[in-house]
Structure formats: structure tokens, C-alpha cells
Amino acid sequence: MSPALKLCAVSAIAVAVLLFAGCSQSTNPANESKAATEATSPPLPVTAKTAFWPMYTSARNWSPDLVMIRLTPKEVPGFKNEAGKAAMWQAAFASPSLHQYRIYSYAIAAVSPDIHKGVVAGLRLPWGGVTREAMPVELSSFNIDSDAAYQTAATDAAGWLKKNPDKQPLSFQLGNTYRFQAPVWYLVWGDQKSGYVAYVDANTGKLLNKK
């Protein structure tokens, strides 16, 4: 190759490198800005299933034969639980072989000194076994997520909620009892004497009669 052709080839490569660098510089700031925005955006409350699976995976490392007894939303300062989503969820897992149970929690953010982001395992406590009021929740029957259950219950309670717009859910949990054929979502607005109670089948999503 002649010196002139070599010079042209080198120049072409140099131009290509500069163009590539220019394109990279023009696109990277936008991507970096988007990533920075996502990183600084506050986390949003999540549904029960979103929080459940990380807790379940962690609990399986403790005891492979575990069963879930209860799943409930909890409050985190600075966040608002709403429409079946929560900033923190707690699950009670029990081990029949160990005769113990543990409370696992999943939070979307850390708030000192007691709330830690992600999954946290509680102390191992004695467990007396299954009772009629606290039966294991079969995971194959846990098909309805908390937001869908809340919507079904809120639709049923619409008339009462319209008259009591300031009332927030007093209790909202997933559990299993001898009174129903499948695990249920249990919701109470107000208080148990003058409030509104709803049960939603966690397998089918249907509203159940109060028993």
C-alpha cells in the first residue's frame, strides 16, 4: 500500500473513532440521567406476592418443611399503605419438625432503628402446632394477590365506605381457618363492632359470606 493510501486509511479510522465517541457521548448522558432518576425515586409500596416470595425463599433455608400461617401488611414511616399494597409485609412461617415459628419481614426501605430494607428473619419461637383458627396456607391456593382482594372487598364495602370516608383498614391479612374451604383475605374497616368486615377467597377471588 502506498504512503498516500496508508494516510487515507489512518485518517478514515480516526474519523470513525471520533464519530463513535461522539455518538457515545451524545447517548450516555441521557441514559445516566434516567438511571439517576430511577435511583433517586422513592420506592413504592408492593403487593403481598411481591414481598412473599423473597421471604419464602429465605425461610426455606431455615427449614425445608415450613408452612405459612399468616401474611399481613405493616406500616413504614414516610410511606402510605393503600389499595392492598404496603411498604412492609410480615409472614409467619412454622416448622412442624422443629416445633418452631419465625416472623419474616420484607420492607421496601430502611427506617432506623428497627426497619431494615429487604428480608429480615425474626427469632425462633416455640410453636404448638396447627389449630382450628390458625391452619397452614397452601401455596397452591394462594392465587389472589392483595391488591385484587382489596378491590373486591372495597367494592362490596362501597356503601359503608362512602358514609365513613375517614375509616382506614383496621386489619388486613391472609390466613386459613376451619370455617372456610380455602385460605381467605380478611379485611376490617373501622372496628369490629361498628365497622365493616369482608372475606375474600384467596384461591378464587370470590367474596365469601361472613361466618
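Determine whether Leu174 is touching a residue at least 24 places away in the same chain (Cβ under 8 Å) and out of contact with any Leu (no Cβ under 8 Å at 6 or more places or on another chain). Here the answer is no, as Leu174 does not meet what is asked. Screening the candidates Ser41, Ser2, Ser26, Ser58 for the property of being surrounded by fewer than 10 Cβ atoms within 10 Å (Cβ to Cβ), at pLDDT 60 or above and of a type in the set (Gly, Ala, Ser) yields one hit, Ser41. Summed over the range 66-88, residues that are under 20 Å from Thr177 (Cβ atoms), within 10 Å of the chain's Cα centre (by Cα) and open to solvent by less than 20 Å² (accessible area, probe 1.4 Å) total 0.
Taking Ser105, is it surrounded by fewer than 23 Cβ atoms within 10 Å (Cβ to Cβ) and not in a loop (DSSP other than H, G, I, E, B)? Here the answer is yes, as Ser105 does meet what is asked.
Condition check ((1) at negative phi; (2) β-branched (Val, Ile, Thr); (3) more than 16 Å from the chain's Cα centre (by Cα); (4) at pLDDT 95 or above) across all residues:
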position: Val120; (1), (2), (3), (4): yes, yes, no, yes
position: Leu123; (1), (2), (3), (4): yes, no, yes, yes
position: Gly129; (1), (2), (3), (4): no, no, yes, no
position: Arg132; (1), (2), (3), (4): yes, no, yes, no
position: Ser146; (1), (2), (3), (4): yes, no, no, yes
position: Tyr150; (1), (2), (3), (4): yes, no, no, yes
position: Ala154; (1), (2), (3), (4): yes, no, yes, no
position: Ala157; (1), (2), (3), (4): yes, no, yes, no
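When Ile144 is tested against (1) in contact with a Ser or Thr (Cβ under 8 Å, 6 or more places away or on another chain); (2) assigned to a strand (DSSP E or B); (3) crowded, with 20+ Cβ neighbours inside 10 Å, only condition (2) is not met.
The values are calculated or read from the model by the stated rules, or taken from the named source; none is laboratory data. The structure displayed is predicted, hence computed values, not measured ones. Note that we place each Cβ from the backbone using ideal geometry, even for glycine, and neighbour counts take in every protein chain shown. To get the accessible areas, we keep the full protein, side chains included, count just its heavy atoms, and leave off ligands, DNA and RNA. Shrake-Rupley method; radii C 1.70, N 1.55, O 1.52, S 1.80 Å.
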